[in-house]
Every structure is written in C-alpha cells, then in structure tokens.
Amino acid sequence: MANLTIRVPNADLPDVLDALEQQWSKEASRINPLYSDLTPAERASACIGAYPDLCHMGLEGGRSGWKQGLDLLGDRINMLGVKNAGLYPETDAEGKTRWQGKLVPVWEGLTPFPQAFSYLKQVGFDGPCSFHSEYQGSFSFKDMTTQELIEQTREDLKYVRQVLADLAAC
C-alpha cells in the first residue's frame with residue numbers, strides 16, 4: 001500500500017508537513033481521480049510524493065513486496081508509515097483454515113524493518129515517520145487498553161530508534 005502525499009507549503013508552521021493521504025492497495029488506478037487532475041509540472045513537483053506503509057506492502061505484497069514497492073517509489077518517498085503485521089490462522093464457517101493479517105509489534109512482522117530502513121537510507125530518504133499504533137480491536141494481535149497501546153508505541157519507537165542508530169553506525 002502506498003499513499004499519495006501532497007505537501008502544502010505553510011509559512012506559519014514551516015516544520016509541519018500538511019499531507020493529503022490517498023490510500024490504495026490492490027490497484028493503483030484508485031489514485032487516478034486525485035492524481036489525474038494535476039498538471040505535468042505539478043506531478044513532477046517535489047510537493048508530490050509517496051507515503052509508503054511498510055506493513056501493507058509486506059502483508060499484501062508478500063515477502064519482498066515492501067522492496068518492490070520502495071524500488072518503484074524511490075526518491076518520491078516523503079513520509080513513511082510505521083507498523084507491521086503477521087499472519088494468524090483462523091477457521092472459517094466451513095472449517096477451513098484462512099490466514100488473517102493482524103498488526104503486531106514492529107520487530108515481529110512480515111516486513112524486516114532493518115533491511116527496509118537500510119534501503120531507504122540508500123535512496124536518500126530523510127523524512128518523517130508516522131507510527132500507526134493500531135493495537136486495538138480484532139485487527140490487532142492483542143486488543144490493548146489505551147495505556148497498553150501507549151506502552152507498545154513506546155516500545156515500537158525504541159526499536160526503530162535502535163535500528164536507525166545501528167544504520168548510522170555503519
């Protein structure tokens with residue numbers, strides 16, 4: 001999954017990135033209504049970028065889906081969604097096993113964040129990360145209380161900081 005982001009210059013808040021998020025996953029054509037209204041110059045602008053979600057790229061794209069997606073997006077990446085998912089067996093109404101994606105701690109999922117951040121470093125990404133702490137409800141490996149969610153987010157941030165520190169040391 002990748003999202004289209006449009007940077008909106010904000011003279012009053014220069015450190016704030018205003019972004020329009022347009023999600024898509026199974027077919028890129030869903031983004032066309034928004035993107036097709038832009039002129040060629042606007043499309044080429046640094047204000048138009050990509051906001052990849054590594055969780056969905058791994059979950060929907062398979063073992064190397066995140067890498068293929070980042071290859072396609074390259075230097076257009078201007079924001080990064082940080083979350084991860086694993087596959088869990090569930091039995092359907094017919095008694096058959098189906099694999100359900102559930103959000104898990106960042107270090108446990110399908111997308112290998114150390115390799116993904118290494119690749120992002122190679123393409124020069126130095127933008128913001130958005131932590132998607134979606135650890136409540138049936139799409140989470142555990143339905144957390146608000147306090148547990150905050151603590152899990154702290155652990156995710158700690159892990160990502162360590163991955164980035166390890167990369168900086170290389």
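Quick look at the numbers
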item	result
Local net charge near Leu103, Cβ-Cβ under 9 Å (Lys/Arg +1, Asp/Glu -1)	+1
Long-range amide H partners of Gln100 with built H, under 5 Å	Tyr88, Glu90
The stretch 67-170, accessible area per residue, ligands and nucleic acids excluded (1.4 Å, Å²)	59
Under 5 Å, built H, 5+ apart or other chain: amide partners of Val82	Ser130, Phe131, His132
Environment charge at Leu149 (Cβ cut-off 14 Å; Lys +1, Arg +1, Asp -1, Glu -1)	-3
Area of Lys96 that stays accessible when all protein chains are in place (1.4 Å probe, Å², to 10)	100
Cα shape, the stretch 115-170, gyration tensor, a/c 1.5 rule	prolate
Accessible surface, 1.4 Å probe, highest first, among residues Cys129, Cys170	Cys170, Cys129
Listed residues Asp92, Asp53, Asp143 arranged by accessible area, highest first, probe 1.4 Å	Asp143, Asp92, Asp53
DSSP-assigned coil residues among GluC sites (Glu not before Pro) in the stretch 52-122, each with at most 16 further Cβ atoms within 10 Å	Glu94
Accessible surface ranking that places the most exposed of Arg161, Arg154, Arg76 first, with a 1.4 angstrom probe	Arg161, Arg154, Arg76
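The values are calculated or read from the model by the stated rules, or taken from the named source; none is laboratory data. The structure displayed is predicted, hence computed values, not measured ones. Ideal geometry is used to build each Cβ from the backbone, glycine not excepted, and the neighbour counts take in all protein chains shown. Accessible surface is based on the protein model in full, side chains and every heavy atom, while ligands, DNA and RNA are left aside. Shrake-Rupley method; radii C 1.70, N 1.55, O 1.52, S 1.80 Å.
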